[in-house]
Amino acid sequence: MARLQLSLVTSLLLLTTACATKVDGLYVSDSFQPATLKSDALVTGGVVNIKGAPNREESNLYSALMLSEIKDERKYVSVKPVETLIQALGDATYNEVLAQYKTSGLNADTLSKIAGKAPGVRFVALAKIEANTTEKGESRQAASESKDDKGKVTKTPESVTKTNKRTVLASMHVYDLSKKDVAFSGQVSKSLEASRNYTVNSIGNVLSVVNAIQGKDDDATYPTPEAPSTRDVLAEVFEGFAENFPKE
């Protein structure tokens, strides 16, 4: 099997362009401006998944990721970690905040409660993973040969490329505790793809035929790589949101 993988290459391809990320349904209020973001703190409030109950460990991990991407893109923003909010509210109340955000978003009463227990904080940023999917792919390149001006022949063997793409769609809401309303919101979708290239030889072709006869997937001969992690793709999502924060 090792001989089937003489030309094994694994790569991560960012399936985005160099321009600023498009945020679907982007909303930015008049209060969400550099002046207020610089003088009044923004706290990362948590990240929930539309599937399953809120996971505090996962939420804290992704909240730290959100903070990092915001700081990288907009260094002027006064941003605090999710632990600031947890300590201010206490575990029970914080869990209620996450549950309410997951199901219906935060209402004015909840925002008032947060504002009363977290003085010095103006904005609370939360995100929701709406979809998290993977998609496998395969492409084949036939053997070929080319000849240069001096008559030298270069042969390129048959190859197969296996890919595995992860796409994450997430929404973000930044709440203004002063106005008790949404200050920034929208949705971003990002994808990362892992690929692996194999040089095909006679042994590989024989194994492919045998696997097909036995009803086995072609992965038995040419394994598909693991999809990029949710964390890696979510980092791109948060970067996309932060790119749309107002510039100083």
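The values are calculated or read from the model by the stated rules, or taken from the named source; none is laboratory data. Only a predicted model underlies this, so the values are computations on that prediction, with no experimental measurement involved. Backbone-built Cβ (ideal geometry, glycine too); neighbour counts: all protein chains shown. To get the accessible areas, we keep the full protein, side chains included, count just its heavy atoms, and leave off ligands, DNA and RNA. Shrake-Rupley method; radii C 1.70, N 1.55, O 1.52, S 1.80 Å.
Annotation for Ser146 and Lys179: the two label points, set 7 Å from Cα along the Cα-Cβ direction, are 5.7 nm apart. Whole-percent P(r), region 66-194, all Cα pairs, 10 Å bins from 0: 10, 29, 22, 12, 9, 8, 7, 3, 0. Between 0 and 90 degrees, the angle of helix 56-73 with respect to the longest Cα principal axis of the chain falls at about 90 degrees.
Relative to the dominant Cα principal axis of the chain, helix 91-103 is inclined by about 60°. Once all protein chains are placed together, Arg56 keeps about 70 Å² accessible to a 1.4 angstrom probe.
From the Kirkwood radius over Cα pairs of the chain, Stokes-Einstein at 25 °C and 0.890 mPa s returns a whole-number translational diffusion coefficient of 118 µm²/s.
How many percent of all Cα-Cα pairs in region 90-151 sit more than 18 Å apart? So the portion of pairs separated by more than 18 Å is 60 percent.
Within the shell of other residues whose beta carbon sits under 13 angstrom from the beta carbon of Phe238, the net charge comes to -2, with Lys and Arg scored +1 and Asp and Glu -1. Leu177 contributes about 10 Å² of solvent-accessible surface, heavy atoms of the protein only, 1.4 Å probe.
Computed from the C-beta positions of Leu61 and Thr103 and an R0 of 25 Å, the FRET efficiency is 0.70 to the nearest 0.05.
Taking the Cα centre of the chain as origin, work out the dipole magnitude from +1 charges on Lys and Arg Cβ and -1 charges on Asp and Glu Cβ, in debye rounded to 20.
The dipole of the chain has a size of about 220 debye.
Semi-axis lengths, largest first, of the ellipsoid equivalent to region 20-63 are 26, 16, 9 Å, with √(5λ) applied to each eigenvalue of the Cα gyration tensor. With 30 Å as the limit on Cα-Cα distance, the pairs of Lys38/Lys165; Lys136/Lys247; Lys162/Lys247; Lys71/Lys179; Lys190/Lys247; Lys102/Lys190 that go past it are Lys38/Lys165; Lys136/Lys247; Lys162/Lys247.
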